[in-house]
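S.K.: Input: one structure, supplied below.
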Ligand SMILES: NC(=O)c1ccc[n+]([C@@H]2O[C@H](COP(=O)([O-])OP(=O)(O)OC[C@H]3O[C@@H](n4cnc5c(N)ncnc54)[C@H](O)[C@@H]3O)[C@@H](O)[C@H]2O)c1
């Protein structure tokens, strides 16, 4: 198969969908890879490293879309890319169709085959192509939190780990899923006193077993959260209720329970945030202050560490991308239920319930679309 890797053009997107190591894998399995010039430069991979791995470099995004049977990307195509997409071209990337009606209609009209990273799903209902970004954001939340606790950054001026003779900072982590677990582990590594809260007792049992001694687990409820934030220096929001907005576990009123200079990092801001006063910010201007509390609410935290994020993402996507290239999307989806759940749009039809419901479009059976002959 001919694989194309365009340079991401969405604002501030520095990741790339394939590393030179990925190119080498595709080549080994008999495929041809074209990479747009400078596609990997912001993730630390220059054109020469792709050439050395066996890819050919193309000068423009148009040339990549024109030649490729499968496009591998990171973010959803933006409007200027829509006309470049060919009928029956396979696109493997994050789409988040339910948040963009124009994108959904454009992909239907172009006749693209859209396999969305975010809906590839394992039998245990986990989302293997979202996990790596939660891991990055969870770990990063602590280094950002530590930075904004510094006085010049408007924090209360406390060092997470303290020093001999001076107690460490108190870190409260709301949510004990992927983000929360990684955050708690990092904070513990810094030497902080960490409290991790979740509503799932089995999850708290697990965390209690695996976390180091400076992490305590606690049931998440209003009373316990009010008590915990009174002494917190850093609060991390990592709560998720699948398919719903994040619950506001810390309301505006509750900010006055916290001492001035406390930092809140609401990682869940992309789902509305679990701290009521959070609103999405960017890496250019990541924080704002309300009632003397420093709010960090960047909606795409992994974008600031593209080297790590690219490697983490491609480690997870490459095995699926190879199956698609080796078997073609129909056979790959027929043989792998995880991939089949990733199929959102094909042959001008919506085959994923959440997308059909979001935009009031007819939902087609995946099986019937898989059985159709290729349209071109
Ligand atoms: N800002 C970013 O750049 C970025 C990056 C990655 C992920 N995220 C977001 O971070 C959030 C967390 O993602 P995740 O992968 O850790 O999800 P996850 O499903 O692994 O974990 C969520 C946890 O929240 C717990 N929870 C639910 N209700 C709760 C409550 N009332 N109190 C305490 N815990 C509660 C669940 O039991 C679960 O353990 C999501 O909204 C995700 O989209 C943001």
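S.K.: Please report the relative contact order for the chain, taking Cα pairs under 8 Å with a sequence separation of at least 6, and give it as a percent rounded to a whole number.
M.R.: Taking the mean separation of contacting Cα pairs over the length of the chain, I get 17 percent.
S.K.: From Cα pairs below 8 angstrom and at least 6 apart in sequence, can you work out the relative contact order of segment 130-296, rounded to a whole percent?
M.R.: 21 percent
S.K.: For the Cα atoms of the chain, what angle does the longest principal axis make with the long axis of helix 131-148, in degrees from 0 to 90, nearest 10?
M.R.: Once rounded, one gets 40 degrees.
S.K.: Just how far, in whole angstrom, is segment 279-341 from segment 141-169 if you go by their alpha carbon centroids?
M.R.: 28 Å
S.K.: Among 330, 353, which comes first, then next, by fewest other beta-carbon atoms within 10 Å?
M.R.: Ordered from fewest to most neighbouring Cβ atoms within 10 Å, 330, 353 come out as 353, 330.
S.K.: For helix 101-110, what angle does its Cα long axis make with the longest principal axis of the chain, in degrees from 0 to 90 and rounded to 10?
M.R.: 20 degrees
S.K.: If you don't mind, there's one more thing I want to ask. Which value at 222 nm does the chain reach when only helices count, each DSSP H run of 4 or more adding -39,500 (n - 2.57), with the total divided by all residues and rounded to the nearest 500 deg cm²/dmol?
M.R.: -10500 deg cm²/dmol
S.K.: Under the definition of Cα pairs under 8 Å and six or more residues apart, what whole-number percent is the relative contact order of segment 265-376?
M.R.: Relative contact order here is 14 percent.
S.K.: Next question. In the chain, if every C-alpha pair distance is counted and binned at 20 Å from zero, what percent goes to each bin?
M.R.: 28, 51, 21, 0
S.K.: How would you rank 335, 76, going from fewest to most other Cβ atoms within 10 Å of each one's own Cβ?
M.R.: Going from sparsest to densest Cβ surroundings: 335, 76.
S.K.: Provide 209, 88 in ascending order of the number of other Cβ atoms located within 10 Å of each residue's Cβ, fewest first.
M.R.: Ascending number of Cβ neighbours within 10 Å: 209, 88.
S.K.: Among 326, 221, 42, which one shows the highest mean-square fluctuation when the chain is modelled as a Gaussian network with alpha-carbon springs under 10 Å?
M.R.: Maximum among the listed residues: 221.
S.K.: Expressed as an acute angle from 0 to 90° and rounded to the nearest 10, what is the orientation of the C-alpha long axis of helix 306-335 relative to the principal long axis of the chain?
M.R.: 40 degrees
S.K.: Percent antiparallel among DSSP beta bridges with both residues in the chain, to the nearest 5?
M.R.: Bridges in the chain that DSSP calls antiparallel: roughly 20 percent.
S.K.: Starting at 0 and stepping by 10 Å, how many percent of the alpha carbon pairs of segment 1-56 end up in each bin?
M.R.: 28, 56, 16, 1
S.K.: Classify segment 130-296 as rounded, prolate or oblate from the Cα gyration tensor: take a ≥ b ≥ c as the square roots of its eigenvalues, call it rounded if a/c is under 1.5, otherwise prolate when a/b beats b/c and oblate if not.
M.R.: Taking the square roots of the gyration eigenvalues as a ≥ b ≥ c, segment 130-296 is rounded.
Since every read-out is calculated from the coordinates, none of them should be taken as a lab result. Computed from a predicted model, the values in this text were never measured in an experiment. FYI the Cβ positions are ideal-geometry reconstructions off the backbone, even for glycines, and counts take in every protein chain you see.
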